[in-house]
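Read the structure below first, then the notes.
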Amino acid sequence: MLGCLLLLGSVALAENVTFSTRAIVENPRDPKASNSKNVVVWLTPVGVPAPALATQKPYRLVQHDKKFDPHILVVPVGAVVEFPNHDPYFHNVFSLFEGKRFDLGLYEAGTTRTVRFDKVGVSYIFCNIHAQMSAVVISIPTPYYGISDSQGDIVIHDVPEGRYKLQVWYETAPEAIKSMTREVTLSERDSSIAPLKIEAANVPAPHKNKYGHDYDPAEPASPAYERP
């Protein structure tokens with residue numbers, strides 16, 4: 001009986017750990033362009049049921065000043081993301097390449113449209129009118145993730161001890177980082193890993209519009225693109 005009580009006591013005292021690592025992004029072609037911010041790391045439990053995902057939180061990718069904010073958005077699979085248009089003109093948000101494929105059509109200032117990201121994957125988001133607008137939505141099957149800060153530091157709080165599949169994503173090295181997927185075991189004594197060294201590529205070539213064509217060199221002067 002005493003042994004059982006001691007065992008229960010030790011379980012009750014067990015605490016979640018804080019996972020940490022650092023991303024070191026280097027661009028050998030242009031060292032001055034190296035930027036260790038916005039490296040995404042997520043941990044998926046191995047050998048145990050996946051934790052319940054809270055998909056009711058409001059997730060938003062705002063269009064403002066001809067930009068998406070934030071540029072990188074991580075959501076649990078099944079989450080609904082709002083795309084409010086806070087600019088004084090029309091936008092046409094689409095993603096037709098990887099991850100969730102959708103086309104929200106042309107919609108005016110002050111309105112919002114939504115997309116449910118119902119599959120795991122990386123979705124590259126663009127506007128069919130403004131070529132400079134881009135964002136990335138990463139939908140994952142786990143609540144344990146972190147995004148590196150300007151120093152490259154990544155911290156994930158409240159991770160239960162155990163085995164995890166660690167995955168990494170970085171925008172200009174989507175293929176190279178696939179080899180960084182690995183299994184890690186986290187415990188109170190061992191909750192960090194060695195720095196993640198990533199070789200970044202140069203800025204990708206300009207993308208096409210949703211019809212597979214180059215964007216117009218200048219925005220149309222049509223009233224359809226101004227505030228109605």
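The values are calculated or read from the model by the stated rules, or taken from the named source; none is laboratory data. These numbers come from a predicted model, not from an experiment. Backbone-built Cβ (ideal geometry, glycine too); neighbour counts: all protein chains shown. Accessible surface areas use protein heavy atoms only, side chains included; no ligands, DNA or RNA. Shrake-Rupley method; radii C 1.70, N 1.55, O 1.52, S 1.80 Å.
Of note:
- Element breakdown for the range 71-185 at a 1.4 angstrom probe: carbon and sulfur atoms account for 49% of the accessible area.
- Shape box of the chain [Cα atoms, principal axes, largest first, Å]: 80, 42, 25
- The spread of Cα positions in the range 52-103, taken along each principal axis and listed from longest to shortest, comes to 39, 24, 15 Å.
- When the surface is traced with a 1.4 Å probe over the full set of protein chains, Ile193 keeps roughly 40 Å² accessible.
- Using the 1.4 Å probe convention, the accessible area of the range 46-122 works out to 51 Å² per residue with neighbouring protein chains retained.
- With each label modelled as a point 7 angstrom along the Cα→C-beta vector, the Asp214-Thr55 pair spans 4.1 nm.
- Distance-filtered residues of the range 157-190 - backbone nitrogen under 16 Å, label point 7 angstrom along Val48 Cα→Cβ: 157-166, 184-190
- Straight-distance crosslink candidates among lysines, where the alpha carbon sits under 23 Å from Lys119 and sequence neighbours closer than 8 are dropped: Lys57, Lys100, Lys165, Lys178, Lys210
- Helix 2-13 and the longest principal axis of the C-alpha atoms of the chain enclose an angle of approximately 30°.
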